[in-house]
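The values are calculated or read from the model by the stated rules, or taken from the named source; none is laboratory data. Here the structure is a predicted model, which means the values were calculated and not measured. Neighbour counts run over all protein chains shown; Cβ positions are idealised from the backbone, glycine included.
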C-alpha cells in the first residue's frame, strides 16, 4: 500500500503539473493578444503626435479619442507586421516547449496511474478478503446465547452487503479521492508560489468546501446505516421464505410473504431518495463554489494587477491560480459519486468493525475453539454428573427449564432421559455440549467441572445425533467427514455401513460424491438421519448423545440402525433421549423428567415395577409388550435387512439426460445474448410510472450539459476583458463578466438538486419494484429450480440485495451523471464545430477511443462479474448454512474447517480479480492520460491556426475551456465502467429471471377448481425422476388408488418414494409419465392454489417462521379469528402450553421455531393444518418428534 501511495502522489503531481501548464498555455495566447492591442494603441497614439503639423490639432485629438483598438492596429501595418512576426516566433517557442512537457508528463502519468490503480485495487481486494474472513471467524466463535438474541440472517447480510459496500468505498473510488486530496495540497503550494496574495483571498472558499463535504459525508453515512438496517429485515424474509419454500408453497403463503417483503421494502426507498437529494445539494453547492472561485479569482486578480506589477503578475498567473483551484473544486463535483460510495462504506464499516471487535469479548465468544493447546487436552472420560442444576434460556428468562436437576450418567453405560415434550431433556444435552451455562449448579465429568475442559476438545469427544439432523450443501463424503476431518475413505465407508447408509449411497449415480443439496433437501428424512448417524460414529466418540436418533426412520431401518447403535453404545458413555421407549429398554439407567426435574429413575424393570408410576404409564400407552415380541427376533431383523436391500434395488438408474433439456438450455443461452442489448431500455420501461420525474431529471441534465459551452463563452469574455489597456475600463469589464459566473453557479445549484433528486426517486422506486418483482418471480418458480446449487436461499438473498443495489446505482444518481456527461459532449461538439471543426475533431477523436475502451472494459467486467457471482453464491450458501446451523458446527467442532472453506472461496474470487487487474489498470492509465495528450494536440493545432490567422485567441480560449470540461466528463464515465458493468450484469440476471417461464407456475391463477371435491386420488402408471438427479428413477409404473374418506399408509425403506408421492400431490414436481387424478381430473389441469388448499401437510421436520405462535398457526390464511386459532390449538393439545408463556399466542418462536422443543414445534404445525380444515391430510412422520402422550 505504501508503494501504491507513492505512485498516487506522483499521479497527483502530474495532475497538478497539467493544470499549471494548461493555465500557462492559455495565458500565453491571451497575453500575446493583449500585448498586440496595447502596442498598437501606443503606436497609433505616437503616430498621431508626429503628424500634428499636417492636421488640425482638434481633428487629431478627436480621431484619437474615438478610435477602437483594432482600428488603431490597422493604421500601422508595417510596424504591426514586423512586431507580429517577432511575437509569433516567441509564442511558438513558448507554446511548443510547454506542449513537449505535456507529452512527457503524459507518459509519467500513464505509468503512475496504471501502477497505482493495480497496486491499490489489488491491496484493497486482499484487505476486504481479510476483513471478510475476520468477520466470518468472529461470527463462527459466537456463543449460542448471542445467536439466540441476534438475527442470524442480519449477520449474514453483514458478511456480504456491508463488505461489498466497503470494497466499493475504499477501492478504486477511494483511490480517486486520495489523488484529488493530494492534488489539492499541491495546488495550494503551487498557487502560493505563483502569487500568495491572490491565493490568500481564494483560501476562504476552502473551509466552505471541506465543511460541506464533512457534513455531506456524515449525513450520507447515517442514511446508509438506516438503509442497511431497514433492508436487513427484508433480507431476513427472503432467507426465511426460500430456505423453507416447500412449507410456504404448501400453505399458499406466497402472497403473505410477498406482502411481508413489500412492507419491509417500503422504508428502504426513502433512504435512497434522501441520499439522492443530499447528493444533489452537495454537487450543486460544489458547482456554485466553483463559479465563485472564478468570479473571486478574476475580480481580485484584476484589482491586484497594476501598471507597476503588470510584468510580474500577468493574466497567466491569474489563470493558473483560478484554473488550479477551480479544477480541484471541480473534482469534488466529478468525484461526487465516489464521495457517496466512501460515505456509504463508512456507514457499512461501522457495524462490520463492531462485529469483528466483539470477537475479543470473552463473554459472547468461544475463543478456545481456535486454540491447538495440547496441554489442555487431558483424557476425557468418566461419570457425567448434573449437580442441582437450574437453567432458563436467556431469551425466556421468565420460563425456568431445569429446576435443581441432579442426574448421573455412568461411564461406559447407557443413560436414558424420557418425558413429555419441553420437560428439559434436550436442554441437558445443550448444557453438556456447553451451548449454555447453568444458571446455578454444576456439571462435572469424573468429578472435574466441565468448564475446566477445553470446549473444542470436549466436543470432539462427543458424538451427537439429533431428532432434526442438519446436513450441509456438500457431498455425502464431506458431510460424513465433518465428524472427523482427518478420516480416511475406509473410515467413512465403515461408519456409513454401521449406520446402514453405505448401500443406498452406493446406489446413487455419484455415490459418496453426491451433492445432498441445501439442508440435505435431495435426500429423504431417513437417508439424512443415517448420514448424520454415520457422521457421529466416524469420530468414535467417548460420549454418545442420541436425541431421538431414529425418529425419522421407518420400522425396518429403525431396527437395523438401532442394532448398530446398540453396538456403538458398548463401552461408551451414552445419553439417549427417546419417545419410542423400545429404543431405551436396555438402558442401564432411565431418568423420567417432568417440568424440569427428575420424578423417577431406575432400570426398565425397576420402573415397570413401580405401579402407577410415570414411566409405567408411558410404556402402557405405547403397548410395549407387543413391540417387545419383535425387538429381539433375529429372523425379523434379517428380514428387515433384506427389505432394505430390496427397496434400494427397486430404484432403477438411467444414464441418459434428456436431449430436450439440452435444446432448451441452448435456446435460453441465445435469448440471453439477444436481450442483453436492451438492458437500459427495459430498465427505463420499468420506470414508466416515474416518467415525469425522469423527464425533470433529463431536462436538468440537458441544461447542465448545455451550461458548459456557455461557460466557455463567459470564460473567454472575462479573459478578453483583461486586454483593456485602461485599468478602470479593464476592472469594469472584468467585474461585469464575473458577476455572470455567480448567477450561473446559482442556476446550476438548482439544476443539480433537481437532477440528482429526480434520478434518486426514480432509482429508488425502480430498485423497490425490481426487488418486489424478483421476489414474486422467484416464488413462482418450480421447486426444482431451487434444487440447483446456484439457487440456494443464501445465493438468492445476496442476489436480491447486492444485485438490486447495483441496478439502483445505474438507474439512480450515476445515470444522471452519465446523461449530463453525454449532454455536455453533444452540446460541446456542436459548439466546437461552430468555432472550429479542426480543434473539435481533435477533442472528439479521443472520445471515440474512450467509448470503445469503456465498452471493452464493461464487457470484461461483466464476464468477471458472472464468474464472481457464482463463487460468491457458493460462499454465501456456506455462510448461511454455518450461521443458521451454529449448534451443529459447534457440536462437530469444525469451526476451523468451515473457516478454511470460506477463506478458500473468497480467495478464489481474489484470484479471479487478479486475472483482469492488469488490463483494467492499463485502461485506467489511458483514462487519466488521454485528456493530457488531447489538450497537447489542441494547443499545438491552435498555434498553427493562430499563425495562419484562421483563428483568434478568443476562440481558442473558448475551445480549450469546453474541451477540459468535456474530457473530464467522459473520463468520469470511463472510471465508472466497472460500476456500469456490475449494474448491467445485475440487470441481466434480473431480466433473465423475469423472462423465465417456470415448468410449474406457483403463482398461476389458471386452472379448474372442483366445486365438490370428494377426495378420490389416483396415481396412474406414474414415472418420476428428480430433475437434479436425472439418472435415478424414483417411481416407475406406480399405481395407487385412494378412495374418499379412506386412510392409506405408505410404508417402505427410506428413499423408496413415500415422501416423493406427497410432493407430487402438492405439485412441487410433475410426473414424467402417467398422470395423477383428483376426482378423475388430471392434477395439472387444476388450479394449483386450490389443489394445495385441499391438502394439509405435517412433515417429519416441521418448519415454523420467525413470527408469533398465532401468526404461524394462521399462516397463509386471511381473516382468521383468534377464537378459531385457540380452538385449533386445543384440538392439538397445545393451548395450555401456549397460555403458560408470558406473551401467550404473541410469543415469537424464533427462526424455524428455534425457541421451541421438537414436540412443541410439531404440535403447532399440526394446529396450522387443523385450522385449514383440509379435505385430505398428508402426514409424513407427523408424530416422530412427540412423546407418547402427545402422540396419542
Outside the structural domain of residue 235 (by TED's automatic domain parsing), within 39 Å of the chain's Cα centre (by Cα), under 17 Å from residue 244 (Cβ atoms) and crowded, with 21+ Cβ neighbours inside 10 Å: which single residue out of 1125, 1138, 1113, 1062 fits that description? 1113
For residue 822, state whether it is surrounded by fewer than 24 Cβ atoms within 10 Å (Cβ to Cβ), more than 28 Å from the chain's Cα centre (by Cα) and farther than 21 Å from residue 915 by Cα. yes
Hey, residue 1079 out of contact with any helix residue (DSSP H, G or I) (no Cβ under 9 Å at 6 or more places or on another chain) and not assigned by TED's automatic domain parsing to the domain that holds residue 255 or not: yes
Within segment 1082-1101, is there a residue that is within 32 Å of the chain's Cα centre (by Cα) and in contact (Cβ under 8 Å) with a residue 40 or more places away in the chain? yes
Determine, yes or no, whether residue 1187 is more than 16 Å from residue 250 (Cα to Cα) and modelled with pLDDT of 85 or more. no
Can you tell me which of 873, 865, 832 is under 19 Å from residue 475 (Cβ atoms) and modelled with pLDDT under 80? 873
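Okay, residues lined up against (1) in a helix (DSSP H, G or I); (2) touching a helix residue (DSSP H, G or I) at 6+ places or on another chain (Cβ under 9 Å); (3) modelled with pLDDT of 85 or more:
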{"residue": "940", "(1), (2), (3)": "yes, yes, yes"}
{"residue": "945", "(1), (2), (3)": "yes, yes, no"}
{"residue": "962", "(1), (2), (3)": "yes, yes, no"}
{"residue": "969", "(1), (2), (3)": "yes, yes, no"}
{"residue": "974", "(1), (2), (3)": "yes, yes, no"}
{"residue": "982", "(1), (2), (3)": "yes, yes, no"}
{"residue": "987", "(1), (2), (3)": "yes, yes, no"}
{"residue": "997", "(1), (2), (3)": "no, no, yes"}
Need a quick list: helices (runs of 4 or more DSSP H) entirely within segment 112-231 having at least 1 residues that are crowded, with 23+ Cβ neighbours inside 10 Å, at pLDDT below 75 and not assigned by TED's automatic domain parsing to the domain that holds residue 1107. 152-157, 163-170, 172-194
Quick test of your reading of the structure: residue 511 fulfils all but one of (1) at positive phi; (2) touching a residue at least 60 places away in the same chain (Cβ under 8 Å). Name the failing condition by number. (2)
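Listed here are the residues, each with its yes/no results for (1) at pLDDT below 80; (2) in a helix (DSSP H, G or I); (3) buried (at least 16 other Cβ atoms within 10 Å of the Cβ).
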{"residue": "369", "(1), (2), (3)": "yes, yes, yes"}
{"residue": "389", "(1), (2), (3)": "no, no, yes"}
{"residue": "401", "(1), (2), (3)": "no, no, yes"}
{"residue": "404", "(1), (2), (3)": "no, no, no"}
{"residue": "431", "(1), (2), (3)": "no, yes, yes"}
{"residue": "437", "(1), (2), (3)": "no, no, no"}
Please work out which one of (1) at pLDDT below 80; (2) surrounded by fewer than 21 Cβ atoms within 10 Å (Cβ to Cβ) is the condition residue 933 fails and give its number. (1)
Can you name the condition, by its number, that residue 607 falls short on among (1) modelled with pLDDT of 80 or more; (2) closer than 19 Å to residue 426 by Cβ? (2)
I need the helices (runs of 4 or more DSSP H) fully contained in segment 1092-1185, keeping only those with at least 3 residues that are touching a strand residue (DSSP E or B) at 6+ places or on another chain (Cβ under 8 Å). 1158-1170
In the list 734, 750, which residue meets the criterion of being assigned by TED's automatic domain parsing to the domain that holds residue 317, surrounded by fewer than 19 Cβ atoms within 10 Å (Cβ to Cβ) and part of a helix (DSSP H, G or I)? 750
Can you say whether residue 923 is under 27 Å from residue 936 (Cα atoms) and either assigned to a helix (DSSP H, G or I) or not assigned by TED's automatic domain parsing to the domain that holds residue 143 (or both), as far as the supplied structure shows? yes
For the list (1) at pLDDT 85 or above; (2) surrounded by fewer than 23 Cβ atoms within 10 Å (Cβ to Cβ); (3) under 24 Å from residue 1051 (Cβ atoms), I need the number of the one condition that residue 1145 fails. (3)
Residues 276, 271: which one is touching a helix residue (DSSP H, G or I) at 6+ places or on another chain (Cβ under 7 Å), buried (at least 22 other Cβ atoms within 10 Å of the Cβ) and in the same structural domain as residue 807 (by TED's automatic domain parsing)? 276
Of (1) surrounded by 22 or more Cβ atoms within 10 Å (Cβ to Cβ); (2) closer than 30 Å to residue 723 by Cβ; (3) at pLDDT 80 or above, residue 894 satisfies every one except (2)
Quick check on my filter: what residues within segment 1022-1049 are loosely packed, with under 13 Cβ neighbours inside 10 Å and under 29 Å from residue 516 (Cα atoms)? 1037, 1039, 1049
Listed residues 772, 797; which is at pLDDT 75 or above and under 14 Å from the mean Cα position of the chain (by Cα)? 797
Right, residue 280: under 21 Å from the mean Cα position of the chain (by Cα) and assigned to a helix (DSSP H, G or I) or not? no
